[in-house]
């Protein structure tokens, strides 16, 4: 029996410890927002946060998780009352997704990036966001990251808004 | 709220609204709505208006990211004159379509046809519903319908200052006789269609709530993993089920058809682990020694073979070339490509002797239904398919439903138990329906002034239709092979007037099954023709744009998009230091497209694509911001193929098994894309595919401009871009 802290809630799962976190999330816990794309940590569709670090859960056996590790999935991203995270809001504003299958992983990778580097430039984005999108949303993803970064800035750092 | 949902045995509408609702229940089963007899009556097949003013637009085509669902809803809502904020959508099932004499017409979602081939009847559906709703209000007021007006679902009789709403008159409208004369709006007056509205299907894609086929969960469901013979055409010889039957979760190990073995287990991970451990002996059959190299030699022979199917012939090209002052010759080749949708093939099925139901992401619900019927042995009327949003389609999920046959075959062996089959990425990569492999030899003749006097273009390679739709062949010829090379006309026509021209195809089919791959044959044909146009221009000592223009006087729409990208990109003006430009244009899927790429190549040969300007004339533009998204995305798909994409065959099997050996574009490779949308009206073209075809040749021509290295064998991959 493994004890997993997922989105602030403890889940006890009875599963082969070699099972990748991805499949535990999807099949034992029922959180299917985290997607299977490749199984070898290449595509990023399965990206979740483990203690704040963007991690490809398809290649992370649960036996490899540190005790008490805090796992956050796309389902745990919105705030209380379901208010969307600024990254999700930026995605909505720019109509980023096409098929959408890779987007939960994109969003999780982006949130981790901006948590660690709120002023990420294009090179930082290129280095951090290596998720695959076959529909080809990359330019809107990039625009979404920049919009979210802008909206995440503390109010004091925002340029004064013009009065209408 | 906990409520156990069971798959309905009645006809029902599979809806996005129902999907969202299902999430609040204990089980993730989309496509469950109340008995339609008890629900709000439809105005017609396309429109339901609920008492709360919600307008449900039925969408027959599949949504796979291309935005068709939103675009079709815009077209219906435009004619319906309803409030866009009240619009929701749902999919009718193919079984319902069958039962209602195909009232929703074609479900097929490929060839960039989703909007262009259904725009007329869906707009009429919206307009007819509006006419009936207004008639119902007029009848209620006992006033002439001509005195009534409607805006955003509110019907007004100005003279008596009365108004009512669609929701209030919907029940009465549903009883009226549908009109037969249904005039449509002039697109110039559109207020919903033609506007850059947000997609209707975004919200759940941001939160993980969106249920794709792979996410489906049902009571008592079991999961299946499958391995088909790695060599196409091979069979299962034997497998040792006893070795894995005791593994955790395993319920059944079974053969699926002649060529595959599946493990059914409590979870998919358990099924996959057991399948990986299962000893299987294959009879690899007659293709066990096939290889890409051997087949390349077959295609090479075809380049000069005496027999070929003629696709486009003007004058006497061979004589013209023989008499030319200068002769230019080149041979190009393009490899097999996998679609590599992000969501691997999957489906869930329940079989009983009375009914077979399948839930699956499909580009063609009706074809999926036919596959389910065939595999189950039940008549189509006893089967149905519930479509889910696709995690990518790109043509893989349209023509051939091999995974549906598999899941139904498994479900039939375990009657009453819901079976979810998921292909591993490795299974998906090695059992695709691949972009056809092709070689092309081009020969051009120039006169003393550098004018093109004759050109031959010999295609040698694989036919899609010969494998997928042999009935569509014309005396053995695959007409689709000539996409983008056809004589002047409304579809896939060549943009150049060459006085003596011969384009033909020596059909050479390998054992690797081909399929429609986003952009289809327009992709390689545009690479061959547009790169060779650059070669001819260079041989003539002329500017590639000017050289093309001289041949395009009879193709004003082709020319217009080419001119548009040249102007916006600054063709003829200096590019930034170290940056070089390349052009390409084509016509296909009913639309005219062109691109200008700007690239640099470092001293060490590293390619950087900086900027692409792309123009599209689709005739009418239904949602400009989504067209832009399709155009941008087309460069990712087209350039992933041009730069990296290659599936090779060794010992009869595909060698590339995952994204580590089949790399695709990443964020860092992505250029800026500036789109020019220039709908000229009067026709309806598609936008999901045509731009892919110009992506590669624009970049390859720019690489040549930068390096004088001409890439003729795709992908670019590790070919040297600097010769020094």
Shielding by partners - mean other protein chain Cβ count within 10 Å, residues of A:29-36: 6
Rounded D (µm²/s) - the stretch B:649-724, Kirkwood Rh over Cα pairs, Stokes-Einstein at 20 °C, 1.002 mPa s: 133
Packing-based ranking, highest mean first, of B:40-51, A:77-88 given that Cβ atoms within 10 Å are counted: B:40-51, A:77-88
For the stretch A:54-164, alpha-carbon Rg over 2.2 N^0.38 Å: 1.16
Residue B:354/residue A:13 FRET efficiency (R0 25 Å; Cβ-Cβ; nearest 0.05): 0.10
Shielding by partners, peptide A:138-144 (average Cβ within 10 angstrom, other chains): 5
Label point at residue B:277 placed 7 Å out along Cα→Cβ; residues across the stretch A:2-26 whose backbone nitrogen lies under 13 Å: A:16-19
Chain B: relative contact order as a whole-number percent, Cα under 8 Å and 6+ apart: 13
Highest to lowest packing among B:182-193, B:596-607, scored as the average C-beta count within 10 Å: B:596-607, B:182-193
In nm, spacing of pseudo-spin labels at residue A:80 and residue B:710 (7 Å Cα→C-beta vector): 6.9
Residue B:307/residue B:331 FRET efficiency (R0 22 Å; Cβ-Cβ; nearest 0.05): 0.70
Kirkwood hydrodynamic radius over Cα pairs of chain B, then Stokes diffusion coefficient at 25 °C and 0.890 mPa s, in µm²/s: 90
D_trans [Stokes-Einstein, Kirkwood Rh over alpha-carbon pairs] for the stretch B:455-542, 25 °C, 0.890 mPa s, µm² s⁻¹: 174
Global geometry of the stretch A:2-76, whether rounded, prolate or oblate, following the gyration tensor of its Cα atoms and the 1.5 cut on a/c: rounded
In degrees, nearest ten, helix A:138-152 long axis to first principal axis of chain A (Cα): 80
Residue A:53-residue A:89 FRET efficiency (beta carbon distance; Förster radius 30 Å; 0.05 resolution): 0.85
Of all DSSP beta bridges in the protein assembly as shown, antiparallel share, percent nearest 5: 75
Kirkwood hydrodynamic radius of the stretch B:40-205, Cα pairs, Å: 16.2
Mean projection area, nm², convex hull over Cα of the stretch B:119-208: 8.2
Largest-first principal axis extents of the Cα set of the protein assembly as shown (Å): 82, 81, 67
Peptide-level mean, for A:87-99, of C-beta atoms on other protein chains within 10 Å: 6
Counting DSSP beta bridges with both ends in chain B, the antiparallel % (nearest 5): 75
Inter-centroid distance (Cα atoms) of the stretch B:165-203 relative to the stretch A:78-136, Å: 35
Overall dimensions of the stretch B:586-693 as given by Cα atoms, namely Rg and Dmax in Å: 16.3, 52
Spin-label proximity, residue B:318 to the stretch B:483-514 - amide N less than 14 Å from point 7 Å beyond Cα toward beta carbon: B:501-505
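Readers should treat all values here as calculations from the given coordinates under stated rules, not as data from a laboratory. This structure is a prediction, so every number in the text was calculated from the model and none was measured. Backbone-built Cβ (ideal geometry, glycine too); neighbour counts: all protein chains shown.
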